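Let me begin by presenting the structure, written as structure tokens, before commenting on it.
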Amino acid sequence: MPKSEDLERFFSTIVSRVVPLTNRVPSYRWLQSGIGATIKDCVFYHKTFTLSAHERLRIATLLDALLQEGKLTRDPSWERNWAGVVVVRKLVCSLIDQAFAEGTMTWDITLAKCLSIVLVASLGARTGDVTVAPRDQHTLPYLVYKDVVIKMRKGGSTIDDLEAVITLRNEKGNKYVDWTSSIPNKAAASHICELR
């Protein structure tokens with residue numbers, strides 16, 4: 001069974017062994033979540049494993065010391081990606097992964113965020129095309145249920161045969177003019193398919 005000194009030694013050496021993809025040094029948040037996962041695993045595999053308040057504080061102090069020494073960073077890591085289906089997929093998957101890992105107030109909010117990203121991307125629209133600024137005067141400044149018509153293709157019988165027609169009223173250059181766009185069902189990528 002590991003002791004707190006073993007864990008401290010492990011956490012202090014792991015940062016020099018890991019090579020991050022984007023930053024020069026590992027992320028503070030990465031190590032923080034790794035510490036949490038390691039402690040949970042120790043509790044799972046060893047019935048009597050516990051850390052006192054003093055030992056927990058020592059590990060937290062180690063984390064801050066590594067940050068001050070420059071062995072960790074709080075800078076966000078990023079890599080350039082073309083704005084396309086891969087980026088939309090990464091955004092939606094990360095929102096869902098984060099909700100599973102850290103919890104969510106309500107799944108309605110998480111799924112609404114995912115749907116808003118996928119819907120705007122699939123229509124080739126801007127955020128302002130779907131909804132308008134609070135001070136913009138419009139009778140329907142947002143997308144309503146009657147704007148989304150989902151229907152089955154002729155001869156269709158499964159969810160893969162669904163098709164949607166969406167009406168936008170706030171498209172740039174065409175304000176106050178209804179504009180429709182149809183969306184075919186994309187069965188190959190169900191987590192980024194706006195119809196599923």
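Structural remarks
- Where helices (runs of 4 or more DSSP H) fall entirely within segment 24-124, none has at least 2 residues that are over 20 Å from the mean Cα position of the chain (by Cα) and at pLDDT below 90.
- Going through (1) under 28 Å from the mean Cα position of the chain (by Cα); (2) among the aliphatic types (A, V, I, L, M); (3) in a helix (DSSP H, G or I) one by one, LEU21 falls short only on (3).
- Pairs with Cβ under 6 Å, 6+ apart, first in segment 98-113 and under 20 Å from GLY34 (Cα atoms), second at pLDDT below 90 and part of a helix (DSSP H, G or I): ALA99/THR110
- Flag for SER12 being among the small types (Gly, Ala, Ser), surrounded by 12 or more Cβ atoms within 10 Å (Cβ to Cβ) and not assigned by TED's automatic domain parsing to the domain that holds ALA125: yes
- Scope segment 44-56; condition closer than 13 Å to LEU7 by Cα and of a type in the set (A, V, I, L, M, F, W, C); matching residues: PHE49, LEU51
The values are calculated or read from the model by the stated rules, or taken from the named source; none is laboratory data. This is a predicted model, so every value here is computed, not measured. So basically every Cβ, Gly included, is an ideal-geometry build from the backbone, and we count neighbours across all protein chains shown.
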